[in-house]
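Remarks on the structure that follows.
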Amino acid sequence: MNDLTAFTWMILLPLLAAPVIYLSGRLTKEQAGVARWVALLALVLTWIPFALAASDLSADGPQTYTLGQVALRLDDLGLLLAALSLGLGTLVVLYSGPYMAAESGQEKYYATLVANIGVVIGLGCATDLFNLWVWFEALAVSTYLLVAFYHEQPTSLEAGIKYLVQSAVGSALVLLGIALVLGQTGTLNLVEIREAAGADSAILLAAGALFTIGFGVKVALVPMHTWLPDAHSQAPSGISAMLSGVVIEAGLIALLRALSALARVEASWGELLMAFGAINMLVGNLMALRQTQVKRLLAYSSLSHIGYMLLGLGIALYSKELAGAQGSLFHMLNHGLMKGLAFLAAGGLLYALHTSMGDHSPLTIGDLAGAAQRYPLAALGLSIAVLGLGGLPPLAGFMSKWQIFVAGFETREGWIEALVVFAALNSVLSLGYYAPLVNAVYRQKPSEAVQKGQPMPALMNVPVVLLAVAVVAVGVWPALLRWLTGPAGEALLAAFGF
Amino acid sequence: MTTSEIVLVGVLALLGAGLYGLLITRNLIKVVIALQILVKGGLLALVAAGEASGQTNLGQSLAMTVIVADTVVAVVGLALAIQARRLLGTLDLKALSNLRG
Amino acid sequence: MTDWLIVLTIGIPWLGALAVWLTGDARPQLQHRLAVIFAVAAGAAAVALLPSTSSEVALRIEVGSIFGDFTFVPDGLGVFLAVVASVVGSLAVIFSVDYMHGEAQLGRYYTLVLLFIGAMVGLVLSGSMLLLFIFWEITALCSYALISFYNDDPKAVAGGIKALVITQFGGLGMLVGALIAYSYLGDYQISTFLAEADTLPSDVLAVMAFGFLAAAAAKSAQVPFHTWLPGAMEAPTPVSALIHAATMVNAGVYLLARFYPAFEGVSGWTTAVILVGMVSALLAAFMAIYANDLKRALAYSTISQLGYMVYAVGTGAIFASQFHLLSHAVFKALLFLAAGAVIHTVGTRDMRQMGGLGKQLPFVRNVFIIGALALAGLPFVNGFWSKELVLEYGYKHGPLWAYVGMLIGAGLTALYTVRMVWMVFFGRSQKRGHLHDAGPAMRVALGVLAVGTLTSWLLIGGFGEMLEENLPFHHLHVESMATLLEEVVTAPATYLALGVVAVGLLLWAWRDPLAMISAGLWPLGEAATHDFGFEWLNARIVAGTRAAAGALRTTQTGWLNWNVAGIIGGLLIVLVFLALGA
């Protein structure tokens, strides 16, 4: 089947739109914001092939598109990643309109952002290791540019450089892993590798380790996480939302795809992921506990949420437990919603209190005091987001954590059950830093920053409200996202040949 | 030494040199150079792996792609380095270690 | 019909929450009015549920996948607590009209109170453990947000977060229990679990039983998780009355009572329950004797009275425990609201600065004394009947050591109650200007609760029947009203208890001649004012966690070389891990 199918358009549209956005911005006045509208249009149009691809997928199963030696295949896992990327991406572009209105270089911003979205979708469709690496590299490059967007700010520059170097080390390690696999099996196709791989191959074991670390840099596994708090807090807030909600998750999908090729190798992949999960949760929470900068705090909280996803995935790989895979992917979507909401709401406050006045100092918890009086929607959005992240019902985060926990107990293994209790304990610990944010915004006495703050543009509230409604809706009715997470979980297990 | 052994030593030497450089240097340009060395190790391994598994063409075409991707990364890295020099007046990593805790 | 009533009882307050929130703080009069209307309507809906109690599922929502069915069961136990929650809830809201008059951010206040009322009703009517847990957590969320309602006060913020973290920590026990039940039975339904609990391996069932005990202890502020409740007194007083005296804190006792049939056979469980109840009752009573903050003294007394209920469940006296829960909800709400009226007018919570208020606030004094009589267990108000039932059953069916402990507790209760009444309303009068007695809305709420305190024991017969009829797993056999009352009046245990109460009262009356002895007890006073070391333990845990977090932060050095070293280190660790694991 070599016609361009719906899903290839879903990848191509954003990628082709990127240069158009750049040129349209370049050829018009910056203040007119043409680039931003073209970007929004491109993403809105991309939803059409998305819808077609989704219905094709549910009707006919995964389809493959081959170009030369490269084959792309959209399965349900890829669809989930596409939905996450496109969904959050569209809202971020909408949000960035007012947020970035005063910045120069907007055409680059929007072009890179839209390309980034397309790349994430493409990454989800890779069928061979090298193709996966290429998408991964493209994702990294587009992200460097976005992280260091405020290149006149020393801290943003620092964050961008660290991110670039650490990612580049990671991708070199992945490359080495690919070489080992190629040398051992003579193929790069994920399925063929899985068929060809011997059960006890030290070389493939080493390749697995290299993949885990190489992709793990991007996923922010502890101790490779050190770039994340810098990058996520220094990027423009819309980008912070994308980084936390989509990019690290894309890294996780890449890691899973790579490991799926090594599924037959006799190794404790499940235990490995669970171990990283536990460490990530604890380190992320403890690091966040005493942060005073809101965005840095949220960045560390992403570490712990990756931990929950890893726990669920580890359980899935360890015991072939479908609920683990589904719960973990459900948490991935929910984390995108909640962390996206948190960063956009906090970013809105950052904009109103600091950035809009040309002040690039970070948003501190002290600044938040009394924010609810002047910025009620942003304050409520931030509260809903962090309480959801803390796992309180009836918000989305509770439901997906619960699904992961159920999977853990279904194994009936004492140590996994202990790990689940540890994870739940970490949720309690996380309230120690989430709750003070809520207390701060609802204070009576406004901070100096709030008193002097600018009004928040109404358009920035739109994505905040939409995401807040989604976080509550999914929390009340978890079945809302099952059309995505259910088949995606099955696709994940299928990729591992279970 | 056979060819494959020489290649193996080469790969390890490049990787070692790259990582060692990244661990000790405080100069941003040297960091980019160390990264280049590191990736070259991976590149060599890829070509050798293609050779070893009888897929010489595949290995070489992959290598070409890696070179392109790697160059892009190097360009972005150097651009950031130039910006750092312009903004901070130095290429010392000490000036780029303010985000802590 | 029943399903609709359930939807209404939960939905009305939630709709009210939305309505008050949408009204906005610019129109406080409308907010007060809407809150009262919705709260009273919810109370009416709950009362309307009373005739149609049954042990069958009345409302089933299929969520599917691993979330199972969300079910609501309007059985006697659940409906009774739903009525308590929404009726006391509506009285607290009525009281708030005066109490919160002129306060800022009223919208947030009423929204959270109404949200709480709905969630509390949901909690007690849930037929699914997952749904129960969800409502359990929502009540904790509302409790936290209301404790720290005055967010500008660091003490209120700390109190709220402490309450949230401690109840969540205990809640882990319930989380584990629900997960175990699901993984073994494939179902979250409480009825399924109660029917098939004996098919679970005994050690697994034991984990569940003790997990639920931990959850209950945390929610009902029992030792060693009780420390959050005194801190919760930073909340506006109607909230203290509603959430931290009459409703949410009972959820733990409810949980134990609900699951008692499944856990009574677990070895050591009933003893542990009795022990938790007794230790809480005694320690908290001592703390109440030494407390000078009126609300804190009431909070300790709540812990102590909840201890009686937990003890009662441990001895198998499900009916007595729930009956005492009813009495306590009514009289403690009365005491808290009356205390609120006092605090509102005097402007302090310190009892040492009160004294002699009785003449100036006669109405409040009278209702407070009615509540105090019930708390002390004097005839013939509601607290008397229920406490005597608890003690009588404990004497007959529980261990003797525990019975003796609870008897001593009854004496201590009388002592701290009379001390409290004396310090606030009698004794030496402070110089102060003219004070306003309670406002009209306050009087309505206080009056209803005072009448309730005097008469709620008359419901004993109907209440017993209701529990007996539709709790199929509990095999309760409750006597008729006449028999029960006669039993209480004729039992020797009653007179023994009354004697001990009299001793408690006399200790206060003779406090001057006994000053020598009480001075000799200073170590006890020291320990009681320092919460018997539990506060210290709390503070150590918090400080330890913070120190660990601080130490860990030094690993984020900001140096790129160090970060790369992290990658290399990670690679080595993973290689070793995989090499060892393979």
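The values are calculated or read from the model by the stated rules, or taken from the named source; none is laboratory data. As the structure is a computational prediction, the values presented were derived from the model and not from experiment. Note that each Cβ is placed from the backbone with ideal geometry, even for glycine, and that neighbours are counted across all protein chains shown.
Summary table below
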{"read-out": "Qualifying residue in the stretch A:453-475 (condition: within 10 Å of chain C (Cβ to nearest Cβ) and in contact with a helix residue (DSSP H, G or I) (Cβ under 8 Å, 6 or more places away or on another chain))", "value": "yes"}
{"read-out": "Test result for B:Val73, more than 7 Å from chain A (Cβ to nearest Cβ) and surrounded by 21 or more Cβ atoms within 10 Å (Cβ to Cβ)", "value": "no"}
{"read-out": "Tally of residues being in contact (Cβ under 8 Å) with a residue 60 or more places away in the chain, part of a helix (DSSP H, G or I) and more than 9 Å from chain C (Cβ to nearest Cβ) across the stretch A:387-422", "value": "10"}
{"read-out": "Condition met for B:Val39 (β-branched (Val, Ile, Thr), closer than 23 Å to C:Leu572 by Cβ and more than 16 Å from the chain's Cα centre (by Cα))", "value": "no"}
{"read-out": "Spans of helices (runs of 4 or more DSSP H) in the stretch A:441-498 with at least 2 residues of a type in the set (Val, Ile, Thr)", "value": "A:458-476"}
{"read-out": "The lone exception for C:Ser220 - which of (1) hydroxyl-bearing (Ser, Thr, Tyr); (2) under 25 Å from C:Leu449 (Cβ atoms); (3) surrounded by fewer than 24 Cβ atoms within 10 Å (Cβ to Cβ) it fails", "value": "(3)"}
{"read-out": "Criterion: over 24 Å from A:Gln63 (Cα atoms) and among the hydrophobic types (A, V, I, L, M, F, W, C) - qualifying residue of A:Leu123, A:Leu113", "value": "A:Leu113"}
{"read-out": "Search result, residues across the stretch A:220-229 that are outside any loop (DSSP other than H, G, I, E, B) and either facing chain C (nearest Cβ under 8 Å) or among the hydroxyl-bearing types (Ser, Thr, Tyr) (or both)", "value": "A:Trp227, A:Pro229"}
{"read-out": "Tally of residues being within 12 Å of chain B (Cβ to nearest Cβ) and of a type outside the set (A, V, I, L, M, F, W, C) across the stretch A:193-218", "value": "1"}
{"read-out": "Pairs, first within 11 Å of chain B (Cβ to nearest Cβ) in the stretch C:545-572, second crowded, with 20+ Cβ neighbours inside 10 Å and among the aromatic types (Phe, Trp, Tyr), C-beta under 7 Å, six or more apart", "value": "C:Asn563/A:Trp227"}
{"read-out": "Residue check for A:Leu173: at pLDDT 95 or above and more than 19 Å from A:Thr127 (Cα to Cα)", "value": "yes"}
{"read-out": "Wholly within the stretch C:214-273, helices (runs of 4 or more DSSP H) carrying at least 2 residues that are closer than 30 Å to C:Leu200 by Cβ", "value": "C:250-263"}
{"read-out": "Any hit, the stretch C:162-183, residues being closer than 28 Å to C:Val342 by Cβ, at pLDDT 95 or above and touching a Gly at 6+ places or on another chain (Cβ under 8 Å)", "value": "yes"}
{"read-out": "Filter result (assigned to a helix (DSSP H, G or I) and either more than 7 Å from chain B (Cβ to nearest Cβ) or of a type in the set (Ser, Thr, Tyr) (or both)) within the stretch A:151-166", "value": "A:Thr155, A:Ser156, A:Lys162, A:Tyr163, A:Gln166"}
{"read-out": "Failed item in (1) in a helix (DSSP H, G or I); (2) touching a Leu at 6+ places or on another chain (Cβ under 8 Å), with C:Leu476 passing the rest", "value": "(1)"}
{"read-out": "Candidates A:Ser268, A:Ser304, A:Ser260, filtered to the one that is more than 13 Å from chain C (Cβ to nearest Cβ), small (Gly, Ala, Ser) and either within 20 Å of the chain's Cα centre (by Cα) or surrounded by fewer than 24 Cβ atoms within 10 Å (Cβ to Cβ) (or both)", "value": "A:Ser260"}
{"read-out": "Single residue of the stretch B:1-59 satisfying the filter (under 17 Å from A:Leu180 (Cα atoms) and of a type in the set (D, E, K, R)) that is surrounded by the most Cβ atoms within 10 Å (Cβ to Cβ)", "value": "B:Lys40"}
{"read-out": "The stretch C:169-193 - residue that is surrounded by fewer than 19 Cβ atoms within 10 Å (Cβ to Cβ) and either touching a residue at least 60 places away in the same chain (Cβ under 8 Å) or among the basic types (Lys, Arg) (or both) and, of those, nearest to the other protein chains (Cβ to nearest Cβ)", "value": "C:Asp187"}
{"read-out": "A:Leu182 vs. criteria in a helix (DSSP H, G or I) and over 21 Å from A:Phe496 (Cα atoms)", "value": "no"}
{"read-out": "Checking A:Leu429 against (1) part of a helix (DSSP H, G or I); (2) more than 10 Å from every other protein chain (Cβ to nearest Cβ), the condition it does not meet", "value": "(2)"}
{"read-out": "Criterion violated by A:Val34 - all others in (1) farther than 23 Å from A:Val70 by Cα; (2) modelled with pLDDT of 95 or more; (3) surrounded by 14 or more Cβ atoms within 10 Å (Cβ to Cβ) satisfied", "value": "(2)"}
{"read-out": "Filtered residue count, the stretch C:194-204, keeping only those that are assigned to a helix (DSSP H, G or I), within 14 Å of another protein chain (Cβ to nearest Cβ) and in contact (Cβ under 8 Å) with a residue 12 or more places away in the chain", "value": "1"}
{"read-out": "Close pairs (7 angstrom Cβ cut-off, 6 or more residues apart or separate chains): more than 8 Å from every other protein chain (Cβ to nearest Cβ) in the stretch C:141-168, of a type in the set (Asp, Glu) anywhere", "value": "C:Ile147/C:Glu234; C:Asp153/C:Glu234; C:Lys155/C:Glu234; C:Ala156/C:Glu234; C:Gly159/C:Glu234"}
{"read-out": "Tabulated pairs, the stretch C:53-68, first within 14 Å of another protein chain (Cβ to nearest Cβ), second of a type in the set (D, E, K, R) and in a loop (DSSP other than H, G, I, E, B), C-beta under 7 angstrom, 6+ apart or interchain", "value": "C:Gly68/C:Asp187"}
{"read-out": "One residue from A:Ser85, A:Ser24, A:Ser58 being surrounded by fewer than 14 Cβ atoms within 10 Å (Cβ to Cβ) and among the hydroxyl-bearing types (Ser, Thr, Tyr)", "value": "A:Ser58"}
{"read-out": "Residue match in the stretch A:321-330 (condition: assigned to a loop (DSSP other than H, G, I, E, B) and at pLDDT below 95)", "value": "yes"}
{"read-out": "Single condition C:Val576 does not satisfy, out of (1) surrounded by 14 or more Cβ atoms within 10 Å (Cβ to Cβ); (2) over 30 Å from C:Phe225 (Cβ atoms); (3) among the β-branched types (Val, Ile, Thr)", "value": "(1)"}
